[in-house]
Amino acid sequence: MKGIGFGKVILFGEHFVVYGNASIASGISSHTTAELVEANEPGFKIIDNRDTAAGYKEKYAEAMAQSVKNMNDAVWHLDFDKTPVEVTLAGDLYCASGVGASAANCVAMARAVSEHFCLNLTDEQINQCGLEGDKAYAGTPSGIDNTCSTYGQPIFFRNNLEGGQNQMDLLEVGKPLHVLLVSTGITTKTSDAVRILRENKEKEPEIFAEIFNKAEELAHQGKDALATGDLELIGQLMNQNHELLKKSGVSHTYLDCLVEFIKKHGAVGAKMTGGGRGGYMVALFPDAETQEKAALACEYEKFKFMKATIG
């Protein structure tokens, strides 16, 4: 039995979404697979064959085990000592901070478990598994990563801070978005970046009130620009979003350097994406040809990157 979980990119609003701000994100074609078979030894054994940044698997080994427990306690309710399984993780999603890799493996495992044990879980239940599993990695995740991983489409997302259903509107894209996701190679915990932003916000509440208001405005402008296919405007808004993330303390010197590098190679906009403090940046190009030229420049510099199209 095999399950799949899509990677993700956040175009607008990461980190701010934790506090109830709007965010725009999308699943990408790169994905994680989970192939599940019966096992002879009791328990839930995981064989991790994913391509990852240095130190990624070691850093998250404990969180992965906890994520399985979270999903089982919340949704599956299975006894793996009596019905042991072995799960092999693979796929073409290069796992590093910022592309929803943890949520992707949770969703992939949830789908494989559902099929193997005939649980017939709906997409919304799979999405709930992804959220519960991702808590082991991110502390208090917004829910955006698991939603993108489950549905694989562009979404306008808002976290319901009162505990009700999150807003999730599927978006139409006026023109395809040709993007590159470039990795810093730095593995970080999203929970660390969330803590840094929270501490900074508590120290300077007035400054961060302005930052959060501007981030909300950018998300709505981005939604309109996506609908009309105004790539130049989308790029400008992405650039502004990156500046807000820098001010919030969740970017990284290497991320900022990559942003400037990719702009020199034809990107109309670029920003960190995901947890920050390392991980990935995303760049938008006016067309596939420019995207390909920038990819060659990244390859020449030996950067790890993924090409993707949204919409």
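The values are calculated or read from the model by the stated rules, or taken from the named source; none is laboratory data. Quick caveat: nothing in here was measured; it's all calculated off a predicted structure. Heads up, the Cβs are rebuilt from the backbone with ideal geometry, glycines too, and the neighbour counts pull from every protein chain shown.
Taken over the stretch 266-309, residues that are surrounded by fewer than 18 Cβ atoms within 10 Å (Cβ to Cβ), hydroxyl-bearing (Ser, Thr, Tyr) and out of contact with any His (no Cβ under 8 Å at 6 or more places or on another chain) amount to 1. Kindly indicate the residue of the stretch 246-265 that is assigned to a helix (DSSP H, G or I) and of a type in the set (Ser, Thr, Tyr) and also surrounded by the fewest Cβ atoms within 10 Å (Cβ to Cβ) among those meeting that condition. Filtering first and then ranking leaves Thr253.
If you go through the stretch 104-125 one residue at a time, do you hit one that is touching a Lys or Arg at 6+ places or on another chain (Cβ under 7 Å) and either free of Cβ contacts under 8 Å to residues at least 40 places away in the same chain or of a type outside the set (A, V, I, L, M, F, W, C) (or both)? Scanning the stretch 104-125, I find no residue that is touching a Lys or Arg at 6+ places or on another chain (Cβ under 7 Å) and either free of Cβ contacts under 8 Å to residues at least 40 places away in the same chain or of a type outside the set (A, V, I, L, M, F, W, C) (or both), so the answer is no. Taken over the stretch 91-125, residues that are over 16 Å from the mean Cα position of the chain (by Cα) and either crowded, with 24+ Cβ neighbours inside 10 Å or of a type in the set (A, V, I, L, M) (or both) amount to 7. Could you tell me whether the stretch 145-159 includes any residue that is among the β-branched types (Val, Ile, Thr) and either over 12 Å from Ser26 (Cβ atoms) or part of a loop (DSSP other than H, G, I, E, B) (or both)? Yes, the stretch 145-159 contains a residue that is among the β-branched types (Val, Ile, Thr) and either over 12 Å from Ser26 (Cβ atoms) or part of a loop (DSSP other than H, G, I, E, B) (or both).
For the stretch 29-44, a residue qualifies if it is assigned to a strand (DSSP E or B) and either modelled with pLDDT of 95 or more or among the hydrophobic types (A, V, I, L, M, F, W, C) (or both), and the qualifying residues are Thr32, Thr33, Ala34, Glu35, Leu36, Val37, Glu38, Phe44. If you filter the stretch 23-41 down to residues that are hydroxyl-bearing (Ser, Thr, Tyr) and within 18 Å of Arg111 (Cα to Cα), you find that the one that is surrounded by the fewest Cβ atoms within 10 Å (Cβ to Cβ) is Ser29. Return the residue satisfying two criteria in turn: it lies in the stretch 184-206 and is of a type in the set (S, T, N, Q) and at pLDDT 90 or above, and of such residues it is surrounded by the most Cβ atoms within 10 Å (Cβ to Cβ). Only one residue fits best here, namely Thr184. Mind listing whichever residues of the stretch 45-64 are assigned to a helix (DSSP H, G or I), in contact (Cβ under 8 Å) with a residue 60 or more places away in the chain and not charged (D, E, K, R)? Result: Tyr56, Tyr60, Ala63, Met64. Scanning the stretch 287-303 for residues that are in contact (Cβ under 8 Å) with a residue 24 or more places away in the chain and farther than 13 Å from Ile262 by Cα yields Asp287, Ala288.
Restricting to the stretch 104-131, name every residue that is outside any helix (DSSP H, G or I), farther than 23 Å from Gly43 by Cβ and not β-branched (Val, Ile, Thr). Answer for the stretch 104-131, where residues must be outside any helix (DSSP H, G or I), farther than 23 Å from Gly43 by Cβ and not β-branched (Val, Ile, Thr): just Asn120.
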